[in-house]
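The values are calculated or read from the model by the stated rules, or taken from the named source; none is laboratory data. The shown structure was predicted, so the numbers you read here are calculated from the model rather than taken from an experiment. Neighbour counts are summed over all protein chains in view; Cβ atoms, including those assigned to glycine, are modelled from backbone coordinates with ideal geometry.
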Amino acid sequence: MELRLLTILTILATNLTLWASTSHPPKAGREEFKKCLSTREYITTLKFLRGRQEFQLPEKMRRTVADKVSLGCSGASQRFIDVTTLLVKSQLDGKSAVKIGISYALSDDQKTKSFITIFKQSFLSKYLDLDIFSAIKMAQGLSLEQHGNAAWIVKDFNRLVKFCIKKEGLDLPLPACAKMATTIASLGGKFKERIARPFLDLYHFLINKNGGGLPLHQALKISRQVIKMGPNAPKNFILAYKYGVRPKGMELSSIDAIAFATKMAKRSIQEIAPKK
């Protein structure tokens, strides 16, 4: 009797285990979903377009745009409104503003915030003062086209712009400043780390008398080359240079120490071979 009862309990336990494993699969295997208030996004967008004559869209086109925006899930209409309002206010034509607005409606809040912040930094006269098309291209490149942390990229871009346009900073011409800030900030997306601080640390080291006392243009050139090797490269460079010129180190000249430090910095990253 006891043996029979034990057998029945074992079978029940096995069946319960099987049911649990099939009814509640591992979290890693579940599909991810998010709830979308698509109708609200459609209506909000349509009402916005109807109330803004500067877009000059016929009713059929307004509905087409609203339909596209609603695909962006909750928050899409606000992203669309924020981007298009900014661009039209900046004198971009309505058709182009709508097209760009849709791309951010289908994106996410952080990338939209990044676009707006970088566009303002690029377009406003107190910052880079670029033409509107160059400012848009730059802002899109550092938001939609990046795969790293969008907030970090924006912070790095802002820091680099403010540094390179002020008199006690690099004091670069605005187009050159824009190009440099964009190139370096985009590396943050590649390496998925903040990049501005190590870049500026190296630049300041190189112009200091203890770091070679280089002219500004030469220090900037080396800093740009080194930072391409990742956020850890400036640290390797500085350590190698200090050891290179040290009497108890390698007793190198400043020029030779820079060459040695550059070589060490280039080894700051290595590709990892895929597992077989």
Note to self: If I go through the stretch 180-203 residue by residue, how many of them are basic (Lys, Arg) and in a helix (DSSP H, G or I)?
What the structure shows: 2
Notebook entry, point to check: Are there any pairs with C-beta distances below 8 angstrom linking a residue in the stretch 229-241 that is closer than 12 Å to Lys263 by Cα to a residue that is of a type in the set (Lys, Arg) and outside any loop (DSSP other than H, G, I, E, B), with the two at least 6 apart or on different chains, and if so which?
Noted result: Ala240/Lys263
Next item on the list: Answer yes or no as to whether Lys120 is in the same structural domain as Lys179 (by TED's automatic domain parsing) and over 11 Å from the mean Cα position of the chain (by Cα).
Entry: yes
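Does Ile238 satisfy being more than 23 Å from Tyr127 (Cβ to Cβ) and either touching a Gly at 6+ places or on another chain (Cβ under 8 Å) or in the same structural domain as Phe123 (by TED's automatic domain parsing) (or both)? Show your work before the answer.
On the way: more than 23 Å from Tyr127 (Cβ to Cβ): yes; either touching a Gly at 6+ places or on another chain (Cβ under 8 Å) or in the same structural domain as Phe123 (by TED's automatic domain parsing) (or both): yes.
When the stated conditions are applied, Ile238 passes them.
Check Leu220, Leu206 and return the single one that is at pLDDT below 95, in a helix (DSSP H, G or I) and of a type outside the set (Lys, Arg). Show your work before the answer.
Values: Leu206 fails: at pLDDT below 95.
One residue alone meets the criteria, Leu220.
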Next item on the list: Keeping to the stretch 104-134, report how many residues are of a type outside the set (D, E, K, R) and either free of Cβ contacts under 8 Å to residues at least 24 places away in the same chain or part of a loop (DSSP other than H, G, I, E, B) (or both).
Entry: 8
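Yes or no, residue by residue, for (1) buried (at least 22 other Cβ atoms within 10 Å of the Cβ); (2) over 22 Å from Lys190 (Cα atoms); (3) of a type in the set (D, E, K, R):
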position	(1), (2), (3)
Gly72	yes, yes, no
Ala76	yes, yes, no
Tyr104	yes, no, no
Ser107	no, no, no
Thr112	yes, no, no
Phe119	yes, no, no
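Okay, residues lined up against (1) modelled with pLDDT under 50; (2) among the aromatic types (Phe, Trp, Tyr); (3) in a helix (DSSP H, G or I):
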site	(1), (2), (3)
Leu5	yes, no, yes
Ser21	yes, no, yes
Cys36	no, no, no
Ile43	no, no, yes
Leu46	no, no, yes
Glu54	no, no, yes
Lys60	no, no, yes
Arg63	no, no, yes
Lys68	no, no, yes
